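To start, the structure itself, in structure tokens.
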Amino acid sequence: MAILSIEHVVKKYGAFTALNDVSLTVEKGEAVAIIGSSGSGKSTLLRCVNDLERISAGRIVIDGETLADTKDGAAVYPPEKTVRRICMKTGMVFQHFNLFPHLTCLENIAIAPVRVRGRSRAQAEETARELLAVVGLESKAGAYPAQLSGGQKQRVAIARALAMEPQIMLFDEPTSALDPETTNEVIATIQKLVARRTTMLIVTHDMRFARESASRVLFMDEGKILEENTPQALFDRPQNPRLQAFLRSVR
């Protein structure tokens, strides 16, 4: 079952086209990685899925509900309350963590389920402790973000997104702000989610991670998806000349 369906999406900023007729689906349990040069449209696509950016045309469907569609050549969205409800089916992990500095790790994870989902504090904190164990940080429940390494902050951010029980996790360059050692911590955490069959769409510059963890890899350039395949086929037998050049540049 497709958790995410993107059909012929266009995103324009004035005369500049950031996304140009992009279509893809993400099935339940898939981990799909998007690679490409900076400015190729990867993060813009992710932000459109989470309504941080609004498309110019096309269609986006999340877990069977239409977030955006096209009428008379322009994108239309449902009422804001419906948009917010649909977007709750996504969990977003950003490049720079975005944790609340005045809250402990446990509180960072529990706050949204209480305020947005209406969970009791006891229930939300129990789930938060379980998720801290999943990301290997059960001993940091009472720590504040300033007391954590970058990798630990990102793992708390992953737990925070999971606490909202999303249908699909969206990762926007989750390791690009980290050093190699802490990058490995975060990759190991995401690989745990892969093993748990968590549905994920991951924008990454880490080719090793994309090769070892994704079930499918997409290559974007100039706002278009130029090639998609299994990791082994895409990295070992690239067909598109632009992808071939990109892979030579990152090796």
Compute, for F100, the solvent-accessible surface of its heavy atoms (probe 1.4 Å) with the complete set of protein chains present, and express it in square angstrom to the nearest 10.
90 Å²
Counting only C-alpha contacts under 8 Å and six or more residues apart, can you give the relative contact order of the chain as a whole percent?
26 percent
With θ set to phi - 60°, apply the Karplus curve 6.51 cos²θ - 1.76 cosθ + 1.60 along the stretch 186-201 and write out the HN-Hα couplings as whole Hz, x wherever there is a Gly or Pro.
5, 4, 4, 5, 5, 5, 4, 5, 4, 5, 7, 6, 6, 6, 9, 10
Among S37, S139, S215, whose mean-square fluctuation peaks in a Gaussian network model of the chain (Cα, cutoff 10 Å)?
S139
Enumerate the calculated ³J(HN,Hα) couplings along the stretch 21-32 in order (Karplus 6.51 cos²θ - 1.76 cosθ + 1.60, θ = phi - 60°), each rounded to whole Hz, writing x wherever the residue is Gly or Pro.
6, 8, 10, 6, 10, 10, 7, 4, x, 7, 10, 9
Could you tell me the extents of the stretch 100-142's C-alpha atoms along the three principal axes, largest first, rounded to whole Å?
26, 21, 13
Inter-centroid distance (Cα atoms) of the stretch 151-189 relative to the stretch 101-132, Å
17 Å
So, taking all protein chains as they sit and a 1.4 Å probe, how much accessible area belongs to C87, in Å² rounded to tens?
20 Å²
Among G151, G118, G14: highest mean-square fluctuation, GNM of the chain, C-alpha pairs under 10 Å:
G14
Using θ = phi - 60° and the Karplus relation 6.51 cos²θ - 1.76 cosθ + 1.60, list the HN-Hα couplings for the stretch 99-114 in order, rounded to whole Hz, with x at every Gly or Pro.
7, 6, x, 8, 10, 5, 4, 4, 5, 4, 7, 7, 5, 5, x, 6
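Quick one: pull the percent of accessible area on the chain belonging to carbon and sulfur, 1.4 Å probe, ligands and nucleic acids left out.
That fraction is 48 percent.
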Report T17's accessible area, 1.4 Å probe, all protein chains in place, as a number in Å² to the nearest 10.
50 Å²
Once amide H atoms are built 1.01 Å from N in the peptide plane, which residues 5 or more positions from A68, or in another chain, come under 5 Å H to H?
I60
Listed residue (S120, V134, F100) projecting farthest to the positive dipole end of the stretch 98-137, Cβ model
S120
The Rg/Rh figure for the stretch 54-124, Cα atoms and Kirkwood Rh, to two decimals is 1.10
The chain, accessible area per residue, ligands and nucleic acids excluded (1.4 Å, Å²)
46 Å²
Taking every alpha carbon pair in the stretch 120-251, what does the distance histogram look like in 5 angstrom bins from 0, in percent?
2, 9, 18, 20, 17, 13, 8, 6, 4, 2, 0
Antiparallel DSSP beta bridges within the stretch 81-232, percent to nearest 5
40 percent
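The values are calculated or read from the model by the stated rules, or taken from the named source; none is laboratory data. What you are looking at is a predicted structure, and each value in this text was computed from that prediction instead of being measured. Backbone-built Cβ (ideal geometry, glycine too); neighbour counts: all protein chains shown. Note: areas computed on protein heavy atoms with side chains; ligands, DNA, RNA excluded. Shrake-Rupley method; radii C 1.70, N 1.55, O 1.52, S 1.80 Å.
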